[in-house]
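I have placed the structure first, in the form of structure tokens, so that the comments after it can refer back to it.
The values are calculated or read from the model by the stated rules, or taken from the named source; none is laboratory data. This one's a predicted model, so the numbers in the text were calculated from it and none came from an experiment. Note: ideal-geometry Cβ built from the backbone for every residue, glycine included; neighbour counts use all protein chains shown. Only protein heavy atoms, including side chains, enter the accessible area calculation; ligands, DNA and RNA are left aside. Shrake-Rupley method; radii C 1.70, N 1.55, O 1.52, S 1.80 Å.
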Amino acid sequence: MRKYCLILGLCIGVMSACQKNYESVPLGQQATLDDVFNTQDSSGQQAILYLSNCYLEALPSGHNRITGDYLDAASDDAVSSSNTVSAVQMIATGQYTAASPNADDDWAYNYNVIRDCNVFIKYIYRVPLILLLPDGRKAIGALRSEARFLRAFTYYRLLQRYGGVPLVGDTLFSITDNVQLPRNSFSDCVNYIVSECNNIKDSLRTAMGVDAGNYGRITREAAMALKTQTLLLAASPLYNGGNIDGSDPLTGYPSFDATRWQAAAQAAQDIMNLGVFKLTPSFYDAFTTQAIPVGSNPEVILWVQSGASESIETKNSPVGYGSAGGGGQTSPSQALVDAFPMSNGLAITNPASGYNPLNPYDNRDPRLAATIFYNGHLWLNRAVQTYDGGLDKPGGTSAETKTGYYMRKFMGPFESVSSSPPVYSNTIHDFPYCRYAEILLDYAEATNEASGPTIAVYGVLDSLRKRAGIDPGTDGMYGLAAGMDQADMRAAIQNERRIELAFEEHRYWDIRRWKIAAQAYNSSPVQGVDIQQFGTGLTYNRINVLTTAFKDPQMYFYPIPYGEVVKNPQMKQNPNW
């Protein structure tokens with residue numbers, strides 16, 4: 001019988017009940033399925049621990065996830081500060097094949113996650129669980145639906161990377177079974193994920209019905225959010241009218257259908273209509289406070305618990321802060337910095353914006369300072385120094401910024417601290433897989449594509465810019481142009497997603513589903529800024545940092561791993577791999 005390592009990853013309350021004595025199978029060591037799904041364990045303690053392990057497998061934290069780097073450092077928004085060739089650099093420069101996959105290629109891992117979820121789904125009903133939800137319902141149904149969500153979420157991650165993949169349903173294959181399965185179509189996978197979300201949502205806890213002992217559990221609203229994300233993906237140009245392999249059902253739909261955008265807009269609208277979520281008053285608070293009702297954050301819908309620590313600060317903050325620590329791991333690009341408008345909402349390329357290239361960071365969208373460390377940014381009681389030879393760009397062999405910038409997002413409010421010497425303190429670093437700001441942007445994008453730039457679409461961008469602290473102006477437009485056509489609004493929404501959702505694992509996938517990745521990677525190198533002291537002032541010169549490469553169209557999809565194709569004659573490879 002297959003054995004599993006049980007890992008406690010989610011703190012949950014367990015009712016006092018008749019329990020089997022598990023001292024003979026200590027936690028953290030191997031246990032058989034009969035031990036885990038025990039017919040005498042009315043508390044379900046071991047089965048719930050097994051599900052906790054499924055959570056850990058299916059929902060990895062996005063913080064420095066790709067061998068120490070953020071996934072966005074493989075896009076046009078950043079590069080790794082590593083002084084060696086990093087895994088994200090290998091992705092960004094197109095250095096991977098079916099036989100030598102990139103570091104984000106987790107085909108086998110994801111199918112192991114799916115199997116582990118299927119084990120729970122199949123065997124949980126063996127357990128005579130008497131645990132009840134706060135509303136009086138039996139918890140066993142919610143727990144089983146949580147496993148189904150984790151399975152659906154894993155299929156979504158596969159769909160993003162490979163297009164259509166084999167769907168195994170609830171089947172648990174044995175070692176003697178023929179598992180040479182063909183890939184299901186892209187449409188099949190979309191329909192399966194959406195159907196799972198629809199079928200499980202009413203048996204899950206609600207966002208407001210989660211107590212402290214179950215903080216972090218999948219909710220009804222998380223299922224609705226996954227449905228929205230899946231439908232938005234399906235409606236996007238790469239799959240909906242832009243199939244890279246003509247009518248191949250594995251890589252998208254054979255033709256465009258506007259109703260796909262309508263479906264995505266409605267799914268987002270359904271979440272908005274709940275009245276449960278809203279934007280946090282402060283952009284900073286969206287990343288450093290716990291979700292309602294346990295915490296004060298009404299914005300996050302699906303997230304990964306990271307707990308209170310100093311890890312994000314010490315891994316990613318500027319390098320020149322001595323004993324406080326600072327690994328400076330992520331170097332944001334000049335293109336990302338340029339995407340942030342001025343505090344009046346106008347793009348820096350607009351002659352009326354007031355942008356001054358000699359003081360490029362003055363009077364900018366406040367989200368710039370909340371997302372990126374730039375020269376002169378206050379941190380730990382002093383100004384960040386990323387000019388050549390400054391404390392945070394000293395030169396030498398250690399990792400330091402390659403672009404003149406460091407990532408600041410997700411960190412605590414350590415601009416000014418009372419400690420001497422200044423140090424970090426523990427901060428919540430839950431990683432958001434979906435927050436309400438994304439749902440608003442999903443709604444705006446889908447509605448604009450289906451119906452054009454309606455008042456409601458303008459309203460989404462207004463709300464995000466208002467929360468950010470942008471001046472509404474005398475016209476109340478927050479810097480947005482009145483009377484935009486669909487194309488202009490599309491560009492505005494895409495830019496708003498870029499700055500609002502930076503480093504949350506959206507930009508990397510957005511440029512793919514919008515089918516603009518070839519342009520993003522191949523039109524110019526990733527740029528940064530070289531800052532030199534000149535008398536009493538500074539000069540700012542753009543520099544090329546990394547020449548990226550994207551093979552069009554094949555790299556819109558990851559290759560199916562070579563070993564999977566070799567051992568399974570029915571496994572069709574993605575185009576041009």
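Charges were assigned to the Cβ only: +1 to each Lys and Arg, -1 to each Asp and Glu. The resulting dipole of the chain about its Cα centre is roughly 820 debye. By a straight-distance test (C-alpha under 18 Å), which lysines pair with Lys315 as possible cross-link partners, with residues fewer than eight away in the same chain excluded? Of all the lysines, those that pass the test against Lys315 - Cα under 18 Å, at least 8 places apart if same chain - are Lys393, Lys402, Lys409. Each label was represented as a point 7 Å from its Cα along the Cα-to-Cβ direction; for Met477 and Asp34 these points are 7.4 nm apart.
Ranking of Glu400, Glu313 by solvent-accessible surface, largest first: Glu400, Glu313 (1.4 Å probe, protein heavy atoms only, all chains present).
Given a Förster distance of 22 Å, report the FRET efficiency between Glu415 and Ser323 from their Cβ-Cβ distance, rounded to the nearest 0.05.
0.75
Each residue, Ser100 and Asn522, gets one label point 7 Å from its Cα in the Cβ direction; the gap between the two is 2.2 nm. For the chain, the solvent-accessible area with a 1.4 angstrom probe is 38 square angstrom per residue.
Assuming 0.36 nm per residue, please report the length gained on full extension of the stretch Gln532 to Ala491 beyond their Cα-Cα distance.
Working: separation 41, 0.36 × 41 = 14.76 nm, distance 3.36 nm.
Between Gln532 and Ala491, full extension yields an extra 11.4 nm.
When only Cα pairs below 8 angstrom with a gap of at least 6 residues are kept, the chain shows a relative contact order of 17 percent. Rounded to the nearest Hz, the phi-derived 3J(HN,Hα) couplings of segment 562-577 under the Karplus curve 6.51 cos²θ - 1.76 cosθ + 1.60 (θ = phi - 60°) are 3, x, 5, 6, 5, 7, 10, x, 8, 8, 7, 6, 5, x, 6, 9, where x marks glycine and proline. In loop segments of segment 76-163 as defined by DSSP, the trypsin sites (Lys or Arg not before Pro) with at most 15 further C-beta atoms inside 10 Å of their C-beta are Arg137.
Want the number for Thr67 to Asn350: 0.36 nm per residue separation, take away the alpha-carbon distance, what's left?
Between Thr67 and Asn350, full extension yields an extra 98.0 nm.
In segment 319-381, Cα pairs under 8 Å separated by at least six residues give a relative contact order of 25 percent.
The simple Förster model, with R0 at 25 Å and r as the Cβ-Cβ distance, assigns Tyr361 and Lys466 a FRET efficiency of 0.70.
Membrane-span-like helices in the chain, defined here as complete DSSP H runs extending at least 15 Å along the helix axis by their C-alpha atoms with mean Kyte-Doolittle hydropathy no lower than 0.5, are 220-235; this is a sequence and geometry rule, not a statement about a membrane. Rounding to the nearest 20 debye, state how big the charge dipole of segment 230-315 is about its Cα centre with +1 on each Lys and Arg Cβ and -1 on each Asp and Glu Cβ. Roughly 140 debye, rounded to the nearest 20.
With contributions of -39500 (n - 2.57) from each DSSP H run of at least four residues, the per-residue ellipticity at 222 nm computed over the chain stands at -10500 deg cm²/dmol. For segment 134-289, a simple Cβ point-charge model (Lys and Arg +1, Asp and Glu -1, everything else neutral) yields a dipole of about 320 debye relative to the Cα centre. Accessible surface of Tyr478, taken over heavy atoms with a 1.4 Å probe and every protein chain present, rounds to 30 Å². With just the Cα atoms defining each centre, how far is segment 222-256 from segment 362-431? Give it in Å. Each part reduced to its Cα centre gives a spacing of 39 Å. Amide H to amide H, with H built 1.01 Å from N, Ile66 comes under 5 Å of Leu71, counting only residues 5 or more places away or on other chains.
Relative contact order of segment 471-547, taken over Cα pairs closer than 8 Å and 6 or more residues apart, is 16 percent. Once both labels are positioned 7 Å from their Cα atoms along Cα-to-Cβ, the gap between Phe173 and Asp388 label points is 5.8 nm.
Expressed as a whole percent, the accessible surface of the chain that belongs to carbon and sulfur atoms is 52, based on a 1.4 Å probe.
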